[in-house]
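The values are calculated or read from the model by the stated rules, or taken from the named source; none is laboratory data. All values reported here derive from a predicted model rather than from experimental measurement. Reconstructed Cβ throughout: ideal geometry from the backbone, glycine too, with neighbour counts over all protein chains shown.
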Amino acid sequence: MKITSVSAQVRNPDRVNISIDGVYRLSLTVMQVVDLGIKVGVEVSDGLLEKLEQESSFGKLYQRTLEYCLMRPHSAREVRDYLYRKTKTTKYRQKQTGEIKERQGASQSVADRVFGRLVEKGYIDDEKFAAYWIEHRNQTKGTSRRKLHAELSAKGVENRIIDSALSLSERNDEEELVKVIAKKQSKYPDQQKFMQYLARQGFRYDDIKTALEEVSQ
């Protein structure tokens with residue numbers, strides 16, 4: 001087997017189409033082409049072809065997962081869950097024939113490699129994620145520290161990381177409670193039910209009682 005064509009993709013100039021023996025076989029990033037020494041005329045053994053296919057799968061999955069990470073910070077567990085979904089076989093309908101076909105997902109080894117590279121590059125960092133979540137979650141509406149802790153825990157962040165991030169935050173329940181009261185009080189004509197609602201949001205009863213008394217003065 002021999003590489004017979006190396007051409008940039010029209011829709012994505014950062015990726016390059018590779019043809020072997022006159023037939024399109026896979027695509028790689030420009031950087032991968034350089035690193036692997038891919039050019040027209042290179043002989044391709046079965047072992048090299050397998051490596052190129054793995055690199056192609058890695059490059060595609062890395063780019064998709066990087067885009068996912070750049071949408072907003074995500075916890076390590078969220079990224080692992082995303083990568084797990086990408087390893088599953090999915091069904092799709094072929095446009096030309098309407099036939100249902102299956103698309104093979106990435107291998108677990110490729111997914112693990114993508115995860116490791118993103119950690120290495122600093123795109124996955126639960127300490128940074130926890131700090132981001134605490135400082136940006138419902139800033140104008142208000143959120144109790146207990147609720148922030150529960151949300152981060154549900155996203156797989158370790159308790160020690162959450163506690164550390166909360167200790168460094170300037171947000172406090174007294175000020176957050178005032179925000180929630182201002183936002184929600186008009187929807188609860190029954191004060192007892194409103195207090196129960198605030199308690200479900202993670203605020204302490206004594207703080208709720210004090211805040212409501214101050215508002216009514």
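Counting only residues that are in contact with a helix residue (DSSP H, G or I) (Cβ under 9 Å, 6 or more places away or on another chain) and not hydrophobic (A, V, I, L, M, F, W, C), give me the strands (runs of 3 or more DSSP E) lying completely in segment 1-56 with at least 2 of them.
Counting at least 2 such residues, we get 23-29.
Condition check: closer than 21 Å to residue 73 by Cβ, in a loop (DSSP other than H, G, I, E, B) and not β-branched (Val, Ile, Thr). Does residue 202 satisfy that? Judged against the criteria, residue 202 is not a match. Quick check: is even one residue across segment 142-164 surrounded by 17 or more Cβ atoms within 10 Å (Cβ to Cβ) and at positive phi? Yes, there is a match, as at least one residue in segment 142-164 is surrounded by 17 or more Cβ atoms within 10 Å (Cβ to Cβ) and at positive phi.
A count restricted to segment 89-135 and to residues that are part of a loop (DSSP other than H, G, I, E, B), under 21 Å from the mean Cα position of the chain (by Cα) and of a type in the set (Val, Ile, Thr) stands at 2. Taking the criterion of being closer than 17 Å to residue 155 by Cα, at pLDDT below 95 and of a type in the set (D, E, K, R), the only residue of segment 55-84 that qualifies is 72. Identify the single condition in (1) in a strand (DSSP E or B); (2) under 20 Å from residue 115 (Cβ atoms) that residue 70 does not satisfy, given that it satisfies every other one. Residue 70 satisfies every listed condition except (1). Every condition in (1) surrounded by 17 or more Cβ atoms within 10 Å (Cβ to Cβ); (2) of a type in the set (Val, Ile, Thr); (3) at pLDDT below 90 is met by residue 16 except one, and the failing one is (3). So the check is Cβ under 9 Å with 6+ separation or different chains; which pairs have a first residue in segment 27-55 that's basic (Lys, Arg) and a second one that's assigned to a helix (DSSP H, G or I)? Pairs found: 39/33; 51/36.
Every residue, every condition in (1) among the charged types (D, E, K, R); (2) touching a Pro at 6+ places or on another chain (Cβ under 6 Å); (3) at pLDDT below 95, yes or no:
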residue: 111; (1), (2), (3): no, no, no
residue: 155; (1), (2), (3): yes, no, no
residue: 160; (1), (2), (3): yes, no, no
residue: 171; (1), (2), (3): yes, no, yes
residue: 186; (1), (2), (3): no, no, yes
residue: 191; (1), (2), (3): no, no, yes
